[in-house]
Structures are given as structure tokens and as C-alpha cells.
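The values are calculated or read from the model by the stated rules, or taken from the named source; none is laboratory data. Note that this is a predicted model, so its numbers are computed, not measured. Positions of Cβ are generated from backbone atoms using ideal geometry, with glycine treated the same way; all protein chains shown enter the neighbour counts. These area figures cover heavy atoms from the full protein model, side chains too; ligands, DNA and RNA do not enter into them. Shrake-Rupley method; radii C 1.70, N 1.55, O 1.52, S 1.80 Å.
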Amino acid sequence: MSRFAAPPDDRQSDGRDIAAARSLRRKPVGRATSRGVVVGAVAVLLAGAGASADATSRTAPSDPVVSGATVNSGHDVIVGITHNVVFPVTVTGSDDSGLSFVDVDLKGPHGGFYTTDAFCESATACTSVFTANAHPAPGSDDPVDLANANAGAWSVDALVDANDGDSVFAPGVGSFRLKRAARLTVNASPEPVAKGSHITVTGKLVRANWDTYRYAGYAGQAVKLQFRPKGSSTYTTVATVNTSNTGTLRTRVKAVKDGYWRWNFTGTTTTGPAKATGDYVDVRP
């Protein structure tokens, strides 16, 4: 289980002192082999010792390598105000002994921080599961939920252990966007309508307010008005309208044929996309 936590220096996990592990950070690349040379030793012994050291250097185990991290299967993490959102973070890498354990930190704007750890499911992949929320715990105010300022670009740090005891710290090994959920409504009227007459299409764009645990109007956003003819599965953009200071939408269009009208918001860097369910208008000759 993940938690929205204090800085990592103050925590422990599964009996391991994570703060101490993090103090190691990344181990130096390569390994040094030291050997004493006895003054006056015969040349053949020196040659034999050198060959032995070279062989040890060639066969010494290597440090683990982290190749990347994938968050939520490559999709944005979009959080509303009602339900917890559970998403995986998979760290991939390699080691000659195989990967064994991962500790993952997610870092976002304005101090956003989640952490969790997990055993690796294979020698090259370690998946940890995070739970994000933006609502208070039942019966109390939760001091560790998300705030609006936490929306945006997040990064992934990973501390990976190998089966042979080696560790590697990989800061910024992945990234993703944590966004506020959005919703859209639509209404097209009058209906039915005579062919060639105008209809008025209204709606409202709202997004989750993580500070108040409510949805509120999203002002000044470009939203596409789209139409899908009866019998078709494809929507076509007819117009683009900006939301008012309360998130409302309104425009007039000519009705030519039977079909469905909807609003489509593609989202922003901090807010997820939203599409209204199409509203059917019957156009009569």
C-alpha cells in the first residue's frame, strides 16, 4: 500500500532502514581489485598473480542497472474526489544475480510525494502499486490527500536491490502526469426540429477540486462541439467554444440531419479529458 508521505529520511519499510539505504545512492561504476606485490618475487609468480587478478576482474559480478519505469501502463493518472485510484509502477532493469526488491518514490509539484516498495516479480521487473486519493477519510479530515497544487508533472525515483546484495539508486528514471478529473454535460434543443432550423447546444465543463472535495466550473477552456449522424460511429468537430467563467458552454448551429451532438474536452497538463454523452436530435423535413 502506498502513502502520501513525509520526506524519505524519516521512514522505514518492511524492517529495512530506507534512509540508510538511500544514503548509499548509486554505487560507483566498476570494481577495483587490489593485490600486494612482494618485492623480489620471481617473474613467473608475478605473471601468475596478474593473470589471476585479471580473471577475477573479468568475472566479478556487476552492479544492477535500472533501465526505466512505466507508470499506469503509460497513461495519465486521473483522480476525482470520490474514489481511490490504484495504479502500478513497473521498474525494469537487470543484474547478473537478478533483481529482488524495489523502493519507489513519486515526486510532484508543491511537495507532492508518494512512496511504496515491493518484491520483484521477475529477475528484470519490479512492480509496486500506488493508491492516490483526493477525498477525506470517512469520518475525519485526512491530512495526507492530494491538493490542487499537486496536479501536473511527476517524476519517479527507484532504489533497486539485487539478489547478491548490491543496490542501485536511479533518480528521475520515469515520469507521468497526475491530473484532476473533468466532466461534461450537453443539451441540444429544441427537439424535434425542422430541417434547416437552428438548435442551441449548451453544456458545462467541471473538474475536480481537490481542495474542497467538489467539482467546480472550469473557466476559459476550449471545448469542441461535435456531431455524429444517425447510423454513423464517427463524430466530426463542428465548432470550438470557450467556457464561461463558470464553465458553461453555449452555441447555435443549423440542424441538417438526424444525429447526436456532444461536447469534447481534450484536457490540459493538469486536468484530464472529458466527453459528454451524445444528445440525439430528430430533424424533420
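Details
- Against the compact-protein benchmark of 2.2 N^0.38 Å, the Cα-based radius of gyration of the stretch 106-207 scales to 1.79.
- With all protein chains modelled, accessible area of Arg177 [1.4 Å, Å²]: 80 Å²
- The 3J(HN,Hα) values that the Karplus relation (6.51, -1.76, 1.60; θ = phi - 60°) gives for the stretch 187-202 are, in residue order, 8, 10, 8, x, 8, x, 9, 6, 4, x, 7, 9, 10, 10, 10, 10 Hz. Gly and Pro appear as x.
- Whichever lysines have a C-alpha closer than 30 Å to that of Lys275, once near sequence neighbours (fewer than 8 apart) are set aside: Lys107, Lys179, Lys195, Lys204, Lys224, Lys230, Lys254, Lys257
- Between the stretch 268-285 and the stretch 244-266, the Cα center-to-center distance that results, in Å: 7 Å
- Inter-centroid distance (Cα atoms) of the stretch 85-164 relative to the stretch 180-203, Å: 42 Å
- Val223 contributes an accessible area of around 0 Å² to the protein surface, as traced by a 1.4 Å probe with all chains present.
- Sorting His135, His75, His198, His110 on solvent-accessible area from highest to lowest, probe radius 1.4 Å, gives His110, His75, His198, His135.
- Heavy-atom accessible surface of the stretch 102-259: percent carbon and sulfur, 1.4 Å: 49 percent
- The simple Förster model, with R0 at 45 Å and r as the Cβ-Cβ distance, assigns Ala149 and Arg284 a FRET efficiency of 0.30.
- Solvent-free Debye calculation, one equal scatterer per alpha-carbon of the stretch 214-279: log10 I(q)/I(0) at 0.14, 0.16, 0.20, 0.26 Å⁻¹ equals -0.44, -0.56, -0.83, -1.21.
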